Amino acid sequence: MRGTRKYKHVIDTPDPGKWELAGYEESLPISEKSNPITRELDKADPNTLVQLLRDCDAEIFQEEDETIINYQRLYSESILKTVADIAKKVQQIIENPEDGLVVLSGCGTSGRLAVLLANSFNRLMRGLHQIPCYTYIIAGGDRSIVTAQEAPEDNPARGQEELQKVCEGKKKVVFIGISCSLSAPFIAGQLDFCMKNLDVFLPVLVGFNPVSMARNDRIEGWTSTFRQVAEQMQNLHNTQQAFVLNPAVGPEGVCGSSRMKGGSATKILLETLFLVAHKASSKVEVTEKCLLEILRTYERAHKVTYSHSKKIAALLKQSATSLQKKGHLYILGWGTLGLVGIMDAVECVPSYNADWHDVRGFINGGYHILENQEGELTPLGAEFAISHENFVTSVLSAVSEMDTVVFLFTLDDEVTEVEKLLELVKEKTSNIHAICHATAGQYLPRLTGHPQTRCTETLLQSIYGEQTLTEQIRNAETSQNLKAAASRDKVLPTAIVSLLRNCSVAEAKTRLESSESIRAAIESSLNVPGRKRVAESAETTGRSR
């Protein structure tokens with residue numbers, strides 16, 4: 001029984017699209033078709049554009065409709081089974097990492113996702129005191145992480161050489177080749193090599209076209225087409241000697257730009273697969289329900305992200321204005337989000353014919369945080385300078401009101417570092433935006449620097465005048481608190497000063513009474529020696545006061 005029959009969608013997914021009808025742009029594979037949803041994308045204002053992309057992204061989670069065309073979808077039973085089967089193979093590597101390896105390989109954005117996923121799960125394993133077992137290959141080497149390198153994608157022999165190099169001495173390798181449109185010769189060469197060495201390799205192909213739509217053009221200097229390789233893998237699928245993981249997620253919002261939905265779907269599938277494998281290796285029973293619950297978290301992420309559509313549209317408009325005025329967009333990120341910012345910036349060059357100066361991404365700690373195999377690449381030139389230090393020393397002096405700067409971080413990052421860099425940027429431009437990711441229970445300190453629970457307690461003390469609150473007061477209805485506050489003077493200012501100074505409510509009242517104004521009392525409290533201020537965020541799922 002298909003999982004979607006048992007578990008409702010978190011978001012409202014669209015009805016089957018026109019692209020699923022027989023005959024719609026039939027000469028093109030799904031990844032290269034135009035998407036009817038975004039046919040008018042170039043005419044849309046920022047708010048409409050975000051809504052169109054929201055609807056287009058929702059197609060990732062859409063259920064298959066067998067009455068139209070039987071494309072496998074993310075929640076199709078066959079796809080869920082394939083994810084579970086591959087996870088079991090990865091589990092074996094996790095449990096025997098000395099002789100095994102999980103290799104992720106891709107070109108362009110697919111290769112950058114390979115870097116992101118391999119390094120993220122290696123960090124997870126180190127945190128659990130396990131031996132890391134993931135590695136990556138990116139066509140063109142590490143320089144392709146931060147710059148666009150197109151030519152290596154077309155070289156299957158190079159792909160085989162790189163694979164042999166990273167797997168030397170390993171007895172069992174799960175190889176995951178990512179090619180969203182099932183077309184990259186670099187990946188085809190690696191998959192072909194794996195099938196010729198099945199005693200060591202388990203090849204997995206990840207993409208978003210049916211095998212019948214894989215690229216069938218002759219590859220220069222090679223004997224097979226990508227489709228022939230994919231068909232051979234499909235023949236090995238039933239015996240679990242190879243796997244093809246290829247749900248249809250619909251055409252891209254920007255025609256043919258498979259780094260968009262294709263990139264998202266790659267991350268969703270592989271993170272889900274690896275999480276299932278790690279759960280299983282921890283002796284947690286992995287059921288279909290468990291697998292579906294992980295996938296549903298990505299549906300919720302879609303819903304939460306696009307609930308901020310108006311703010312996303314405002315950021316989009318500001319960034320576009322900067323670029324139209326010959327300004328720049330700079331993305332300053334921390335940790336994994338720093339790499340995401342770099343990925344988006346790099347792709348603007350081949351996808352939109354941008355100059356590499358137009359949109360640039362920077363990551364805290366540079367290549368040390370990136371954990372790339374080749375180490376420091378900054379000596380290769382200005383295009384490879386990606387650290388925040390590089391931004392401050394080489395870029396910041398030229399930043400102006402024509403430019404837009406976006407801060408991208410989580411509440412697990414060092415927020416004081418965010419603030420320091422923010423203060424420097426504020427001297428150059430007011431076009432600053434922050435996208436902050438928070439998990440449940442986290443908060444972003446703002447005015448007072450205290451979590452919501454502490455703020456609530458101090459506010460109640462300001463209302464009722466009791467240093468030790470009774471359970472009756474803590475559990476009172478909001479309407480009761482408002483009624484009580486109406487008869488008190490300077491309730492909110494008292495609470496703010498108390499929190500800023502870490503003093504009692506009584507002392508805060510005394511300071512307010514002796515100050516020439518409420519504003520003066522709060523400003524003097526903000527400037528108390530030793531008090532730390534932190535950056536504000538335009539986007540956060542946490543709450544603070």
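Figures for the structure shown
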quantity: Extended-chain gain in nm, criterion 0.36 nm per residue less alpha-carbon gap, residue 300 and residue 466; calculated: 55.6 nm
quantity: Rounded accessible area of residue 464 (nearest 10 Å², 1.4 Å probe); calculated: 50 Å²
quantity: Two-site FRET efficiency, residue 353 against residue 289, from Cβ-Cβ distance with R₀ of 35 Å, rounded to 0.05; calculated: 0.15
quantity: Fraction of accessible area attributable to carbon and sulfur, the range 164-254 (%, probe 1.4 Å); calculated: 42 percent
quantity: Distance in nm between pseudo-label sites at residue 378 and residue 514 (7 Å out along the Cβ direction from Cα); calculated: 5.0 nm
quantity: Which of 310, 303 is most accessible, then next, and so on - probe 1.4 Å; calculated: 310, 303
quantity: FRET efficiency, residue 307 to residue 412 (Cβ-Cβ, R0 25 Å, nearest 0.05); calculated: 0.70
quantity: List 400, 322, 514, ordered by accessible area with a 1.4 Å probe, largest first; calculated: 514, 400, 322
quantity: Overall Cα dimensions of the range 168-322, principal axis frame, Å, largest first; calculated: 52, 46, 30
quantity: Dipole axis of the chain (+1 Lys, Arg; -1 Asp, Glu on Cβ), positive-most option in 275, 74, 525; calculated: 525
quantity: Scattering curve values for the range 147-219, log₁₀ I(q)/I(0), Debye with Cα scatterers, q = 0.14, 0.19, 0.22, 0.23 Å⁻¹; calculated: -0.44, -0.79, -1.01, -1.07
quantity: Volume of the Cα convex hull of the range 382-516, divided per residue and given in Å³; calculated: 172 Å³
quantity: Accessible area of residue 82 in the full protein assembly, 1.4 Å probe (Å², nearest 10); calculated: 10 Å²
quantity: Separation of alpha-carbon centers, the range 205-253 and the range 459-514, rounded to whole Å; calculated: 66 Å
quantity: Loop-resident sites, the range 195-252, for GluC sites (Glu not before Pro), counting at most 15 other Cβ within 10 Å (DSSP); calculated: 220
quantity: Value in Å of the Kirkwood radius, where the range 55-163 supplies the Cα pairs that are averaged; calculated: 16.4 Å
quantity: Lysines with Cα under 30 Å of residue 426, excluding same-chain neighbours fewer than 8 positions away; calculated: 310, 311, 317, 325, 326, 532
quantity: Restricting the range 112-214 to trypsin sites (Lys or Arg not before Pro) in coil, as DSSP defines it, with at most 12 other Cβ within 10 Å; calculated: 171, 196
quantity: At R0 = 51 Å, FRET efficiency that the Cβ-Cβ distance of residue 22 and residue 394 yields, to 0.05; calculated: 0.40
quantity: Kirkwood hydrodynamic radius of the chain, Cα pairs, Å; calculated: 25.9 Å
quantity: Residue-normalised accessible area of the range 399-515, expressed per residue, 1.4 Å probe, Å²; calculated: 54 Å²
quantity: Exposure rank, largest accessible area first [356, 334, 222; 1.4 Å]; calculated: 356, 222, 334
quantity: Estimated dipole of the chain in Debye, rounded to 20 [Cβ of Lys and Arg +1, of Asp and Glu -1, Cα centre]; calculated: 1480 debye
quantity: Cα→Cβ-extended label distance, 7 Å offset, between residue 320 and residue 457, nm; calculated: 4.8 nm
quantity: Per residue solvent-accessible surface (Å²) - the range 225-268, probe of 1.4 Å; calculated: 34 Å²
quantity: Residue 151 paired with residue 502, simple spin-label distance in nm, labels 7 Å along Cα-to-beta-carbon; calculated: 6.0 nm
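The values are calculated or read from the model by the stated rules, or taken from the named source; none is laboratory data. Keep in mind the model is a prediction, meaning the values are calculated, not measured. No Cβ is skipped: glycine too gets one built from the backbone with ideal geometry, and neighbour counts run over all protein chains shown. Calculation scope for accessible area: heavy atoms of the full protein, side chains included, ligands and nucleic acids excluded. Shrake-Rupley method; radii C 1.70, N 1.55, O 1.52, S 1.80 Å.
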